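Visitor: Encoded as structure tokens, here's the structure I'll be asking about.
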Amino acid sequence: PMRRLFHIMGRAWSFVTANLAGEHFVINNPGLLPGFLQQAQKELGNKGPLKYESKDIEGCFPNMPKPAIREGSREMLKMITDATGHTGVVVPNKDSEKCTWTTRRKDGVKHIPFEVMIDVMEFALDNTLIKDLDGNLWRQEQGIPMGDPHSPGMTIGTCAWMEHRWMQTLTRDTKSMFRAARYMDDILMIYADSPTFHSSNLLNNFNSNCYTTPLKLED
């Protein structure tokens, strides 16, 4: 039953991270990258020569701070509710069928409220146990629960929350000079190199302030 529950939660979190509200850099499919590059060229190409930064969130899964996971996941779900009114995810019993926000179906689906997603997340964060080769049990104290199906979605959503929070500190003019995309923990930022835009300030700010410590960016 626990394996099945975590599998359902993994599908629910993946659906949520594909439909996040707010200002964030999430792309859930690497196949979307060409479209992102074309859009960046269209929106920034007339503002100066385009340059880029390619970054990785070093050790994202094991270093993700648990307080940020808890706060970020709650906040991103609340933003979805505030923006759309949705309060849960409909997960079909068949893995071949896609999740939805709502359905008229009464059979063959599970209705997963956001509150239940949060409850399972809290349980997993506090009760991830690993058995070593000698049979000893270890409790994971830091980072995303390793191996859980909902961990990727929790990671993507928490990073999106950090990005949204950072974006709120920028002016409209600064936001108009760059575009960013993140797949899992890999980030591509495209920016216009204009004499009137201090791109170095943006990059320093991004590298230092976007993601919560101990997370840090590396080339």
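Visitor: Filter region 46-62 down to the residues that are over 17 Å from residue 180 (Cβ atoms) and open to solvent by 60 Å² or more (accessible area, probe 1.4 Å) and list them by number.
Guide: Result: 46, 49, 58, 62.
Visitor: Got a sec? Which helices (runs of 4 or more DSSP H) wholly within region 147-213 have at least 1 residues that are more than 19 Å from the chain's Cα centre (by Cα) and not basic (Lys, Arg)?
Guide: Passing ranges, in order: 172-175, 199-209.
Visitor: Follow-up question, since we're still on this one. Inspect region 10-27 for any residue being outside any strand (DSSP E or B), among the hydrophobic types (A, V, I, L, M, F, W, C) and free of Cβ contacts under 8 Å to residues at least 12 places away in the same chain and give the result as yes or no.
Guide: Checked against the condition, which is being outside any strand (DSSP E or B), among the hydrophobic types (A, V, I, L, M, F, W, C) and free of Cβ contacts under 8 Å to residues at least 12 places away in the same chain, region 10-27 yields at least one hit.
Visitor: Further, regarding this structure: Of all residues in region 192-210 being buried (at least 17 other Cβ atoms within 10 Å of the Cβ) and in contact with a helix residue (DSSP H, G or I) (Cβ under 7 Å, 6 or more places away or on another chain), which is farthest from residue 68 (Cα to Cα)?
Guide: Looking at the filtered set, the residue picked out is 192.
Visitor: Shifting gears a bit: Output the number of the condition that residue 156 fails; it satisfies all remaining conditions of (1) touching a Ser or Thr at 6+ places or on another chain (Cβ under 8 Å); (2) modelled with pLDDT of 95 or more; (3) within 28 Å of residue 15 (Cα to Cα).
Guide: (2)
Visitor: Which of the following residues is under 17 Å from residue 159 (Cβ atoms), open to solvent by 60 Å² or more (accessible area, probe 1.4 Å) and out of contact with any helix residue (DSSP H, G or I) (no Cβ under 6 Å at 6 or more places or on another chain): 23, 43, 71?
Guide: Within the list 23, 43, 71, the selection yields 71.
Visitor: Go through (1) of a type in the set (Asp, Glu); (2) buried (at least 17 other Cβ atoms within 10 Å of the Cβ); (3) at pLDDT below 95 for residue 163 and report which single condition fails.
Guide: Residue 163 satisfies every listed condition except (3).
Visitor: Right, next: Provide a single number: the residues in region 111-131 that are open to solvent by 50 Å² or more (accessible area, probe 1.4 Å) and either under 13 Å from residue 62 (Cα atoms) or of a type in the set (D, E, K, R) (or both).
Guide: Residues meeting the conditions: 4.
Visitor: Going through region 166-191 one residue at a time, which ones are crowded, with 17+ Cβ neighbours inside 10 Å, farther than 23 Å from residue 121 by Cβ and of a type outside the set (Gly, Ala, Ser)?
Guide: Those that are crowded, with 17+ Cβ neighbours inside 10 Å, farther than 23 Å from residue 121 by Cβ and of a type outside the set (Gly, Ala, Ser): 174, 177, 178, 179, 187, 188, 189, 190, 191.
The values are calculated or read from the model by the stated rules, or taken from the named source; none is laboratory data. All of these numbers come straight from a predicted model, not from anything done at the bench. No Cβ is skipped: glycine too gets one built from the backbone with ideal geometry, and neighbour counts run over all protein chains shown. The area values use the complete protein model at the heavy-atom level, side chains included, leaving out ligands, DNA and RNA. Shrake-Rupley method; radii C 1.70, N 1.55, O 1.52, S 1.80 Å.
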